[in-house]
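The values are calculated or read from the model by the stated rules, or taken from the named source; none is laboratory data. These numbers come from a predicted model, not from an experiment. Neighbour counts run over all protein chains shown; Cβ positions are idealised from the backbone, glycine included.
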Amino acid sequence: MRPVHPGYLALLSSLQTAIKTHWPVLYQRAPDFWQLMRMHRPIGIFLLLWPTLWCLWIAGKGSPSIANVVIFVLGTLCMRAAGCCINDYADRKFDGQVKRTAQRPLATGKVTPREALLCCAALCLIAFALVLLTNGITILMSLGGLALALIYPFMKRHTHLAQVVLGAAFSWGGMMAFTAQTGALPAHAWLLYVGNVLWTVVYDTEYAMVDRDDDVRIGVKSTAVLFAEADRVIIGFLQVMCLWTLLLAGRRFELGSWYYVGLLIAGALFVYQQKLIYHRQRDACFKAFLHNNYVGLVIFVGTVLSFLISK
């Protein structure tokens with residue numbers, strides 16, 4: 001049996017000592033970092049994951065590789081958590097002034113700005129390690145996705161269209177799913193990208209409507225502030241355009257009838273959201289935002305069934 005290198009034993013011993021020394025502190029502070037990464041609020045994970053899975057299933061013609069499914073589910077989890085870290089870092093001077101965000105770890109001082117950046121960096125490295133298991137074009141595309149994810153939180157200081165930047169970031173994983181699965185990015189895939197960008201602007205505007213009064217007071221920009229009294233009409237228009245774009249994508253990829261059933265149900269869910277936001281009440285607008293999880297789910301189920309039942 002080959003002897004263990006002394007250097008390895010020394011490293012292992014140092015690691016064990018560090019864990020024993022710092023574990024009580026790490027254990028006590030774990031809830032703060034859990035909250036920083038928003039793991040207690042998984043809605044963001046689902047809103048990022050569903051369109052990625054749409055694309056992965058379509059790229060794999062109903063049978064994506066198990067490896068890619070695992071990579072993109074874990075990668076989505078990491079990048080959403082990283083996005084929350086950088087978002088809270090960017091908003092650290094504003095969150096304390098907004099009722100909904102006043103108890104976030106950076107706003108209360110439970111986590112320092114430096115720790116938030118280190119947590120973000122660690123999560124991005126894990127996500128990049130997962131991407132390294134794919135192929136060259138996907139690795140290159142991941143750099144663009146990282147850039148979009150990191151600049152979004154700062155856009156709220158400079159433009160009312162930050163939600164569009166968020167949509168661009170949230171939709172990028174779907175394009176990477178195509179390249180990881182097929183090694184190429186077909187032109188038709190951009191219809192899915194545009195459709196998801198439109199959908200992201202819809203639900204993040206509903207989300208921003210919750211904080212609109214606070215945002216106007218402290219000078220934070222958003223589509224909810226930009227749209228003002230026209231918010232419901234513009235959201236409705238974006239919902240229609242989202243469904244239309246996804247309909248065109250379904251035709252281009254020759255998806256089965258169940259895909260269109262999914263879009264039809266998603267349309268009914270959009271109508272319900274319009275009812276929720278009609279009076280622009282905070283709780284109702286937040287409920288409309290959360291309700292988008294079902295929109296992503298029914299489109300995904302429709303996509304899967306369109307391949308399963310057509311076989």
Practice problem: Tally the residues that are free of Cβ contacts under 8 Å to residues at least 60 places away in the same chain and outside any loop (DSSP other than H, G, I, E, B), restricting the search to the range 30-48. | Solution: 5
Quiz item: Going by the structure shown, is VAL261 farther than 19 Å from VAL98 by Cβ and either in contact with an Asp or Glu (Cβ under 9 Å, 6 or more places away or on another chain) or β-branched (Val, Ile, Thr) (or both)?
Solution: yes
Exercise. State whether one or more residues within the range 19-32 are at pLDDT below 90 and either under 20 Å from the mean Cα position of the chain (by Cα) or charged (D, E, K, R) (or both).
Key: yes
Self-check item: Odd one out for GLN181, checked against (1) over 14 Å from the mean Cα position of the chain (by Cα); (2) more than 30 Å from LEU248 (Cα to Cα); (3) crowded, with 16+ Cβ neighbours inside 10 Å
Solution: (2)
Quiz item: Quick one: which helices (runs of 4 or more DSSP H) sit completely within the range 207-311 and have at least 3 residues that are surrounded by fewer than 17 Cβ atoms within 10 Å (Cβ to Cβ)?
Solution: 212-218, 231-252, 257-276, 282-308
Practice problem: Write out, first by first residue and then by second, each pair whose Cβ atoms fall under 9 Å of each other, whose residues are 6+ apart or on separate chains, and whose first residue, in the range 118-139, is surrounded by 21 or more Cβ atoms within 10 Å (Cβ to Cβ) while the second is assigned to a loop (DSSP other than H, G, I, E, B) and not polar (S, T, N, Q). | Solution: CYS119/MET37; CYS119/VAL111; LEU123/MET37; THR138/GLY183
Quiz item: Of LEU150, LEU238, LEU192, which residue is touching a Leu at 6+ places or on another chain (Cβ under 9 Å) and farther than 23 Å from TRP57 by Cα?
Solution: LEU238
Self-check item: Residue match in the range 75-88 (condition: surrounded by 21 or more Cβ atoms within 10 Å (Cβ to Cβ) and part of a loop (DSSP other than H, G, I, E, B))
Solution: no
Quiz item: Somewhere in the range 211-227, is a residue without any contact (Cβ under 8 Å) to a residue 60 or more places away in the chain, in contact with a Ser or Thr (Cβ under 8 Å, 6 or more places away or on another chain) and of a type in the set (A, V, I, L, M)?
Solution: yes
Quiz item: If LEU166 satisfies every condition in (1) touching a residue at least 60 places away in the same chain (Cβ under 8 Å); (2) in contact with a helix residue (DSSP H, G or I) (Cβ under 7 Å, 6 or more places away or on another chain) but one, which is the exception?
Solution: (1)
